[in-house]
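Report on the following structure.
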Amino acid sequence: MFARSRLGMVGLLMLLVFVVMALTAPGLTSAGILQNPNRQNLSDRFEGPSSDYWFGTDQLGRDLFSRLWWGAQASLLIGFAATAIIMVLGSLIGLVSGYYGGWIDEILMRVTDFFLVVPFLLLVLILAATVPPPGTSISKVVLVIGISLWAFTARLVRSQVLSLKERQFVERARSAGAGDFRIMIRHIFPNAFTLVFAEAILTVAVVILLESFLSFIGIAPADMITWGKTLQEAYVWSATETGLLVWVLMPGLYIVALVLGFTLLGFALDELVNPRLRRR
Amino acid sequence: MALLEVRGLTTYFDTMAGVVKAVDGVDIRLAEGESLGIAGESGCGKTTVALSILRLLPRNGRIVAGAVRYAGWDLATISEDYMRGIRWKHISIIFQGAMNALNPVKRVGEQIAEPIMLHEGLDREAAMKRVGGLLELVGIHRDRGQEFPHEFSGGMRQRVMIAMALACNPKIVIADEPVTALDVVIQAQILDLLERLKRELDLSMVLISHDLSVMAETCDTMAIMYAGKLVESGTVRDIFKRANHPYTQDLIQAFPDIEGSQRLPAYIPGLLPSLVDPPTGCRFHPRCKFAWQRCIDKEPALLPVDEGHWSSCHLNTPERPADGR
């Protein structure tokens, strides 16, 4: 059934390309096939594409092709890690909120509303400035993105739980002696899981876009190469005005391609598992 | 000696429209090894009685008064911890509508194993071993425990529910509409199965249904409910041959008789009254063709009309005026 969704397959293929890039980056570099992305070569600064440097070089004479190849690591790592946080936090809060209802639901949903209505960028900036320790590490970026995006998932899971908890098998499980925790984790959540999974794939896309954006405005892991950082450097050094179009274009294309890959895959999955979108 | 005795059970639901008096002073006795049928129209409180006995009422439901005597305990008042020990090991329930009572994403075997693991503290492996035997007991091949509910037909799912109810060797099984959604052939199979299991496993059974023919076939005694009240109880023979209460008579009239004359089944005019604001006096009086002033003014008591045969109707009290008003 999934194979019939051609766009989903295209998305999956695009993702595979980036996963291969992320996995092979260290190996190819040590084998000498890929240039060291951090090696500075001050005599080759601001070069256009050539046979030595396929995508040209940046302000420090670093090979852009290699830097972008390595950049897949940061995007995928942050994408998956932050999504994991979002899904765990969102599912947990959605489950508890929908299952217990009453004042627990009220409190949790008001907190969720807060995270939904505060402008996204403001939230991320405040979090980035306040979450200890100072300075930006990869775990901090993951945490900041995770905390600012869980609310959507919580809403989604809650709505599912509201309907699932009224199903008769829940009553049966309770009469069989299952406690609240067991009912939530073993009976209700597995029924909502497919939807959460599809949501997760779409969330990865959002996270990667957000990560690139954060990198661009300076909230980037200091010890990693990211596409957002490359874009920002191109912007600072006026790459468009000096004719170094590749410097701007390629990181942008990489970001778009990866996000598009996840989105296509996510839509295909969503169509499979979300009854409202399922085609007859 | 009654195995299970319900006395004056009164269960209310708090709803937006007001307090629904779903069950109002119901008395039921179940003797050891006996099958008791509870019959009545939809919404008369049959299921609420079952859920009250097991204390499985939804959050807005509460037992207001009455006692549920079982083995020296009053199930209406013992702590939830004790109640958990009673459920499944002593009294279990086959839920209404097996189609929905199985979790669609869990293997059938695992679901049968759940009460065994939770109530007897067995590990998964030991529980699964017993599941095979239980499936065979209800006529399903043991390997099918590996399958998911959607791979079973309606009748098979009902068998699974029965296997689940028997998982912890209960003494009493409450079957809530066990055959309602099934076709007649499968109905007969399931009823045969229930009867066989009852005999082999020495069970006592409470069968809840709106289908009197099901009752006639399987039950020893019957209780007829109307609008949250018990209107008549007695042996199956009492109910079918010597029905006393007008409602019972109408209910029996409403079933086609294959042996008797060809006639259209009668129906009872009117609807079940609102249980938020039930009629005064006898709750059946607005629909009763024999109703007279006293039925509107005074609630009839459940009185014996014969040995073990009880009915609550003013027609049984002698001072009825001659003109019928």
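Restrict the check to the stretch A:31-53 and report whether at least one residue is in a helix (DSSP H, G or I) and of a type in the set (Phe, Trp, Tyr). Step through it out loud before you land on a result.
Step one: of the stretch A:31-53, the residues in a helix (DSSP H, G or I) are A:42-44.
Add one more test, that the residue is of a type in the set (Phe, Trp, Tyr), and what stays is none.
There is no residue in the stretch A:31-53 that is in a helix (DSSP H, G or I) and of a type in the set (Phe, Trp, Tyr).
From the list A:GLY98, A:GLY146, pick out the single residue that is buried (at least 18 other Cβ atoms within 10 Å of the Cβ) and out of contact with any Lys or Arg (no Cβ under 9 Å at 6 or more places or on another chain).
Every option except A:GLY146 fails the conditions.
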Q.
Can you tell me which residue is surrounded by the most Cβ atoms within 10 Å (Cβ to Cβ) among those in the stretch B:50-108 that are out of contact with any Pro (no Cβ under 7 Å at 6 or more places or on another chain) and of a type in the set (Phe, Trp, Tyr)?
A. B:PHE95
Q. Can you pull out the residues in the stretch A:1-56 that are under 19 Å from A:VAL246 (Cα atoms) and without any contact (Cβ under 8 Å) to a residue 12 or more places away in the chain?
A. A:SER50, A:SER51, A:ASP52, A:TRP54
Q) Within the group A:SER163, A:SER66, which residue is in a helix (DSSP H, G or I) and either more than 30 Å from B:ALA101 (Cβ to Cβ) or of a type in the set (Val, Ile, Thr) (or both)? A) A:SER66
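Which of the residues spanning the stretch A:167-187 are in a loop (DSSP other than H, G, I, E, B) and under 35 Å from the mean Cα position of the chain (by Cα)? Lay out the reasoning, then the answer.
So the first thing to find is which residues in the stretch A:167-187 are in a loop (DSSP other than H, G, I, E, B), and the list is A:167, A:176-179.
Within the stretch A:167-187, A:ARG167, A:GLY179 qualify.
How many of the residues making up the stretch B:109-158 are polar (S, T, N, Q), farther than 21 Å from A:SER175 by Cβ and buried (at least 17 other Cβ atoms within 10 Å of the Cβ)? Full working, then the answer.
Of all residues in the stretch B:109-158, those polar (S, T, N, Q) come to B:111, B:146, B:153, B:158.
Then keep just the ones that are farther than 21 Å from A:SER175 by Cβ; that gives B:146, B:153.
After this cut, where a residue has to be buried (at least 17 other Cβ atoms within 10 Å of the Cβ) as well, the list is none.
Count: 0.
Name the residue that is nearest to the other protein chains (Cβ to nearest Cβ), counting only residues in the stretch A:149-173 that are among the polar types (S, T, N, Q) and without any contact (Cβ under 8 Å) to a residue 40 or more places away in the chain.
We begin by selecting, within the stretch A:149-173, every residue among the polar types (S, T, N, Q); these are A:153, A:159-160, A:163, A:168.
Add one more test, that the residue is without any contact (Cβ under 8 Å) to a residue 40 or more places away in the chain, and what stays is A:163, A:168.
Working: A:SER163: 13, A:GLN168: 4 Å.
Taking the candidates together, the pick is A:GLN168.
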Q) Do the conditions hold for B:LYS21, that is, is it over 15 Å from the mean Cα position of the chain (by Cα), within 11 Å of another protein chain (Cβ to nearest Cβ) and among the charged types (D, E, K, R)? A) no
Q: Determine the pairs where a residue that is without any contact (Cβ under 8 Å) to a residue 40 or more places away in the chain, located within the stretch A:187-213, has a partner that is among the charged types (D, E, K, R) with Cβ atoms under 7 Å apart, the partner being 6 or more residues away or on another chain.
A: A:PRO190/B:LYS106
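Examine the stretch B:156-166 for a residue that is more than 20 Å from the chain's Cα centre (by Cα) and more than 24 Å from A:ILE185 (Cα to Cα), and state whether such a residue exists. Outline the logic, then answer.
Applying the first criterion (more than 20 Å from the chain's Cα centre (by Cα)) to the stretch B:156-166 yields B:156.
Next, from what is left, pick out any that are more than 24 Å from A:ILE185 (Cα to Cα): B:156.
Checked against the condition, which is being more than 20 Å from the chain's Cα centre (by Cα) and more than 24 Å from A:ILE185 (Cα to Cα), the stretch B:156-166 yields at least one hit.
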Q: Among the numbered conditions (1) modelled with pLDDT under 90; (2) more than 25 Å from A:ILE78 (Cα to Cα); (3) hydrophobic (A, V, I, L, M, F, W, C), tell me where A:ILE188 comes up short.
A: (1)
Q) Restricting attention to the stretch A:182-212, and to residues there that are aromatic (Phe, Trp, Tyr) and within 12 Å of chain B (Cβ to nearest Cβ), which single residue is nearest to B:GLY109 (Cα to Cα)? A) A:PHE189
Q. Hey, does the stretch B:56-73 have a residue that's under 24 Å from B:ASP202 (Cα atoms) and within 14 Å of chain A (Cβ to nearest Cβ)?
A. no
Q. How do the pairs read when you match residues in the stretch B:164-179 that are free of Cβ contacts under 8 Å to residues at least 40 places away in the same chain with residues anywhere that are among the aromatic types (Phe, Trp, Tyr), using Cβ under 8 Å and keeping only pairs 6 or more apart or on different chains?
A. none
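The values are calculated or read from the model by the stated rules, or taken from the named source; none is laboratory data. Fair warning: this is a prediction, and the values are worked out from it, not measured in the lab. A quick note on method: Cβ atoms are made from the backbone with ideal geometry, for glycine too, and the neighbour counts reach across all protein chains shown.
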